[in-house]
Structure formats: C-alpha cells, structure tokens
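I have placed the structure first, in the form of structure tokens, so that the comments after it can refer back to it.
Bear in mind that the values in this text are calculations on the coordinates, not laboratory data. Computed from a predicted model, the values in this text were never measured in an experiment. We place every Cβ from the backbone using ideal geometry, glycine too, and count neighbours over all the protein chains shown.
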Amino acid sequence: MIRSEVFPITGVDSHAHVFHRGQTLVPGRRYSPDYDAPLSDYLAHLDAAGLSHGILVQPSFLGTDNSLLLDCLAQAPNRLRGVVVVEPGLSPEDLATILSQGVCGVRLNLMGQPLPDLYAPRWQTFLRWLAELGLHLELHRHASDLPTLLGPALESGVTVVIDHFGRPDPALGDADPALLELCRWADRGGALWFKLSAPYRNAPQDSPSALIAQRAQATAERLLAAFGPERCVWGSDWPHTQHEAQTSFAQEYEALPHWLPPHQRQRILVDNPSRLFELDALAR
C-alpha cells in the first residue's frame, strides 16, 4: 500500500526513475527497458534505507509523456517531488499546473542530442518562466559541453542542477580538464547545484567497483572543494538503467560514506535537498 502520511525529512534521494513496459517509448532512444520499475518498489527502497523523500526524474526514453510520473506524485504527495521533460513552448499556465502537482524542475537530457541554443529568444523566455515559478533546470550532458549551456541558463536567472557529477570523460574521471573548467563556475552564487549520483556512468563500461568508488570519491572531493557542500545533493539513480546488473539501490546508498565525509552527511542528504526541492512544506 502506498503510504501518504506526513514524513519528517530524514534523508532524500534526489534522482530516481519509475516506468513500466506498457508505456510508449520515443523514437531514437538510447535505451529500451525490458522490466518494470514501479513506485511501490521505489518507496520500499526508501523505507529500507531510512530515507523519507525522493525526487522522481522523467527518463529520456519516455520523452514528454510525464503522465506516469505525475500519477506517482499524486499517490505519494507527502514523500515525492518530480522533475519533468517538456517542450520549451509550454505556457506559464501549463507550467504552473504541473508545479501544483508536485513538480519542482524541468529536465534537459541532452545526452546524444544536438545542443540547443539557450540564448535563442524562445529558450530565454522559457527559462525566465521557470525562474519566476521557482522551477529549476536540470542538465544532463558531458562536462565538456556544459559551459555552453550554463552561460545562457544562469543569465536567465534560473537555478541549474547538474546531473551525475557533471559527467566527466569516463577515461579521465576527475582529471578531465572539463571538470576543472566546471569548478571555475563556483563563483556564480547559489544558482548552480550538482547531483552526486550514478558514479558508474563516470567510469569506463564494466569498470570494477574499486575504480568506480575511487572515481566517485575523487570527483566528489573536487566538486565539494569548489562549490562547498551546501550546493550538492545525493541521488541513487535507481533503477540504474543500463547498469542494473552492476549495482543496486542498497549498494549506492551504502557506498555514500566511503566518498562523503561524515560531517557533510546531514547537509547533503537532508538540509540541501530540503532547500533545493522545497520539501519543508511536505514535512508539515
């Protein structure tokens, strides 16, 4: 049974997905799941880890059909927020409607896609609408391309959240010059955030767990040193699409202490996501 009572914030998973095999998948997708990732399973993982809240993120293979995600938010409104995928022409009224349904951000998953010109008038208008409504922009792209997107995004006034450690080159990890360039954006105030999530996406395919852990620790240390712990959140990336056999929710959560200093745990698991995703209202 889906639990709907009020939960005090004990910990937040900032990045997870839900889907099932009956959904229509978009053409040109990079991945096609052959299993279900239902909300009931996800909430069970949160419970087992002692985490109170989660952020559901629209996966790229579902395109702009956010109906399942919104339905899940309606089933557990006191535990979940959502990050959707929409067209940049969506009106402020429609954005306000999804905001009222528990959505806190809009995702641009640009992996394998051409880079949009975020300086274009339609994008600038859209980004300003996001900022005015308090919705953040989530960016998923290789680190080498992020500066091209960050300039126009941050100039619009929108808060930007970078996925998966900033996606440095898997062959270089924390030594990727593009990651060092990202760290130079730390003077942009509090508008730029990072998700410390999916470390297996920042190492060569099928890397041993020891290398993935080393990469996660080294990359996290660089980001925390540059941006401070107050602008990072943690995510499980459940159900770990394309890496399902390599890890699990429990493994990702239990690995966290190995690359995150203990004194930063409260801030990154509770305080920061509460502020970024405005979860305090859910805990009342």
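Observations on the structure shown:
- Full-extension gain in nm, Arg275 to Thr10, via 0.36 nm per residue minus C-alpha separation: 94.0 nm
- Considering only Pro147, Ser209, Gly228, and ranking their Cα positions along the charge dipole of the range 117-229 that arises from unit charges at the beta-carbon of Lys, Arg, Asp and Glu, the one farthest toward the positive end is Gly228.
- Within the range 14-152: Cβ-based charge dipole about Cα centre, in debye rounded to nearest 20 (Lys, Arg +1; Asp, Glu -1): 220 debye
- Measure of compaction for the range 88-208 (Cα Rg per 2.2 N^0.38 Å): 1.10
- Extension gain (nm, one decimal) between Ser248 and Leu211, 0.36 nm per residue minus Cα-Cα: 11.6 nm
- Interchain or long-range residues, amide H under 5 Å from Gly105's placed H: Gly82, Val84, His136
- For the chain, a Gaussian network of Cα nodes joined below 10 Å ranks Ala186, Ala171, Ala210 by mean-square fluctuation, and the top entry is Ala210.
- The residue list Ser32, Pro8, Leu69 was ranked by how far each Cα lies along the charge dipole of the range 1-134 toward its positive end, using unit charges on Cβ atoms, and Ser32 comes out on top.
- Cα-based Rg and Dmax for the chain, where Dmax is the largest Cα-Cα distance (Å): 17.5, 48
- Rough spin-label spacing in nm, given labels placed 7 Å along Cα→Cβ, for Met111 and Gln23: 1.5 nm
- The range 205-284 and the range 75-90: distance between their alpha carbon centers, rounded to Å: 21 Å
- Subtracting the Cα-Cα distance of Asp34 and Thr97 from 0.36 nm times their residue separation leaves 19.5 nm of extension gain.
- Close amide H partners of Phe19, meaning residues 5 or more places away or on another chain with modelled amide H under 5 Å apart, are Ala37.
- Electrostatic dipole magnitude of the chain [Cβ: Lys, Arg +1; Asp, Glu -1; Cα centre; debye, to 20]: 280 debye
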